[in-house]
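Heads up: the structure comes next, in structure tokens.
The values are calculated or read from the model by the stated rules, or taken from the named source; none is laboratory data. Note that this is a predicted model, so its numbers are computed, not measured. No Cβ is skipped: glycine too gets one built from the backbone with ideal geometry, and neighbour counts run over all protein chains shown.
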Amino acid sequence: MDFKNVAVIGCGKLGGTMVGCLASRGFNVTAVDVSEAAVNALNNGEAPAQENGLDELIAANKEKITATMSHEDAILKSDISFVIIPTPSDKSGAFTNQYAIHAFKEIGKALAKKDSYHTVVLTSTVMPGSTRSVLLPVLEENSGKKCGEDFGLCYSPEFIALGTVIRDYLNPDFYLVGEFDKQSGDYLEYVNNAVALNHAPTKRMTLENAELAKIAVNSFVTMKISYANMLADMCEKIPGGNVDVVSDALGMDKRIGRHYLTGGFGYGGPCFPRDNVALDYAGRKLGANTILLRTNDDFNRNISPRIVERINTYLNADDTVSVLGLSYKPLSHLIEESPGIYLCDSLASMGYRVLGYDPLANEYAKQALKNTLILDDLEECLNQSNVILVTNNDDVFTSLSANDYLGNKDSVTIVDFWRCLPDEIKNDSRITYVPLGKCLDDETAAKNLSSLWN
Ligand SMILES: NC(=O)c1ccc[n+]([C@@H]2O[C@H](COP(=O)([O-])OP(=O)(O)OC[C@H]3O[C@@H](n4cnc5c(N)ncnc54)[C@H](O)[C@@H]3O)[C@@H](O)[C@H]2O)c1
């Protein structure tokens, strides 16, 4: 097998990065988007979406990239096309297919004009059954051709985290390939083997198993996060308790592993919460017992209110509190379901003066938060606040010194959600340092612990 022409349909946060990565691995990429801005950006050698390192990657590979608004152009010029369009959740929590249906109609019409075999790969996250029962018929109706004979169809999601999409895409743990027909699976495996820098293995299966596996991976990871947050809560209540020590021990067990087992704050962002809710919806519809998933979601949504209650005990009515970290995680500009945004909103509605700062998400936070003053100058933010909440472990915050945090004040309280600040800060007598996930009062904790055996 030897082909070099691929298409990417939908050039947002994930698709835009795939365009750059595929081009960097030697493929000629025709990129399609319904957004003129995205198409123009790519044709000018610029990133169509915000992602770490993407501008440079697209610029370095612009000779291999052509962008267009015509699905037909892209399908006729390529042997395989990856579809990465939005699949927003509806009220029930299920992923919707309307954008995918539009894209597949256009692809179907183009397939009608194509003589050679073409593989269509859906990468977007969908409800199990969508690829075969909803989208395959759209391709067949609009092309007048038969799937498995004239063209092939796969469902193959990516496991990437925003902020590190390029690295994750090029170095996956494994490839998840759901295939309608063997030939399309072979075509996809050929591309994957040419893309991966790390010889990642492939798991091939039916479309439905792959659709389920994709959501289940994300949902399982959220359970690990919740578990670590539960341990963090318990560690605060036992003498000498330290969630990092306990998690390190758990992580040594190969059945568990250390990744995503660091208690700190709840999960947020555009994928984790909604994937968990969608899996629960799918399970309930199928008559499975998914109480585990609902409990996980409830548990996660309760973390921020509990933390607000706890922080409230450190605050006086006239305090100015600053929240450092407004995106749902470091290196991201996204504030969707961000616990930092929740903190700002809640503390401000309790009457505190709240300031916010984020290295990337300030503009979005300004639009979302009417009762919080978002400052573009970190130094000013630190100067004005006597209580500082460090909600994520961005280098911008972990590289600050004790004097930076103190600014023009004599003392300051710092709540360190991820226990990520340097020892200099922890040991400074002018700073009241509050790490989450660690016990701060051994004596009381020891007394409380005695209730376990008395
Ligand atoms: N972003 C992530 O971290 C991530 C991770 C895993 C899976 N996913 C899944 O990937 C899919 C896309 O996510 P995203 O974050 O890249 O979305 P996005 O909103 O950033 O980008 C989607 C792009 O598709 C374009 N588009 C919409 N309809 C189109 C059509 N008919 N033809 C061509 N282009 C079209 C939009 O203009 C946009 O540029 C979703 O299903 C998401 O759940 C995303």
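Taking the listed residues ASP410, ASP377, ASP394, the one that is of a type in the set (Asp, Glu) and crowded, with 19+ Cβ neighbours inside 10 Å is ASP394, with no other qualifying. Condition check: modelled with pLDDT of 95 or more, at positive phi and not acidic (Asp, Glu). Does GLY185 satisfy that? No: the conditions fail for GLY185. Just to be sure before I move on: is ILE84 within 14 Å of the ligand (Cβ to nearest atom) and among the β-branched types (Val, Ile, Thr) in the structure I sent? It is true that ILE84 is within 14 Å of the ligand (Cβ to nearest atom) and among the β-branched types (Val, Ile, Thr).
Each row is one residue, and each column tells you yes or no for (1) under 18 Å from LEU188 (Cβ atoms); (2) at pLDDT below 95; (3) within 16 Å of the ligand (Cβ to nearest atom).
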site: ILE75; (1), (2), (3): yes, no, yes
site: ASP79; (1), (2), (3): yes, no, no
site: GLU106; (1), (2), (3): no, no, yes
site: ALA110; (1), (2), (3): no, no, yes
site: LEU136; (1), (2), (3): yes, no, no
site: LEU139; (1), (2), (3): yes, no, yes
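Within 11 Å of the ligand (Cβ to nearest atom), in contact with a Gly (Cβ under 9 Å, 6 or more places away or on another chain) and among the β-branched types (Val, Ile, Thr), is that true of THR123?
Numbers: within 11 Å of the ligand (Cβ to nearest atom): yes; in contact with a Gly (Cβ under 9 Å, 6 or more places away or on another chain): yes; among the β-branched types (Val, Ile, Thr): yes.
For THR123, the condition - within 11 Å of the ligand (Cβ to nearest atom), in contact with a Gly (Cβ under 9 Å, 6 or more places away or on another chain) and among the β-branched types (Val, Ile, Thr) - is met.
Cβ separations smaller than 6 Å between residues 6+ apart or across chains give the following pairs from region 4-21 residues that are within 20 Å of LEU111 (Cβ to Cβ) to residues that are of a type in the set (Ser, Thr, Tyr) and more than 6 Å from the ligand (Cβ to nearest atom): ASN5/SER78; VAL6/SER78; ALA7/THR30; ALA7/SER78; ALA7/SER81; ILE9/SER81.
Only residues that are more than 9 Å from the ligand (Cβ to nearest atom) and either acidic (Asp, Glu) or outside the structural domain of PRO157 (by TED's automatic domain parsing) (or both) were counted in region 25-50, giving 2. Among the residues of region 327-345, those that are touching a residue at least 40 places away in the same chain (Cβ under 8 Å), assigned to a loop (DSSP other than H, G, I, E, B) and either under 18 Å from CYS420 (Cβ atoms) or not acidic (Asp, Glu) (or both) comprise SER327, TYR328, LYS329, PRO330, LEU331, SER332, HIS333, LEU334, SER338.
Do we find a residue being of a type in the set (Phe, Trp, Tyr), surrounded by 17 or more Cβ atoms within 10 Å (Cβ to Cβ) and either out of contact with any Cys (no Cβ under 7 Å at 6 or more places or on another chain) or assigned to a helix (DSSP H, G or I) (or both) anywhere in region 304-326?
Initial filter on region 304-326 (of a type in the set (Phe, Trp, Tyr)): 314.
If we keep only those that are surrounded by 17 or more Cβ atoms within 10 Å (Cβ to Cβ) too, we end up with none.
Looking through region 304-326, none of the residues is of a type in the set (Phe, Trp, Tyr), surrounded by 17 or more Cβ atoms within 10 Å (Cβ to Cβ) and either out of contact with any Cys (no Cβ under 7 Å at 6 or more places or on another chain) or assigned to a helix (DSSP H, G or I) (or both).
Going through (1) closer than 24 Å to CYS271 by Cα; (2) among the hydrophobic types (A, V, I, L, M, F, W, C); (3) within 14 Å of the ligand (Cβ to nearest atom) one by one, LEU22 falls short only on (3). Under the condition of being touching a Leu at 6+ places or on another chain (Cβ under 6 Å) and part of a loop (DSSP other than H, G, I, E, B), which residue from region 158-191 is nearest to the ligand (Cβ to nearest atom)? Once the filter is applied, the top-ranked residue is GLY163.
Taking region 87-104 as the range and being of a type in the set (Ser, Thr, Tyr), out of contact with any Pro (no Cβ under 6 Å at 6 or more places or on another chain) and near the ligand (Cβ under 10 Å from one of its atoms) as the test, the residues that pass are THR87, SER89.
The single condition among (1) at pLDDT 95 or above; (2) within 15 Å of the ligand (Cβ to nearest atom) that LEU57 does not meet is (2).
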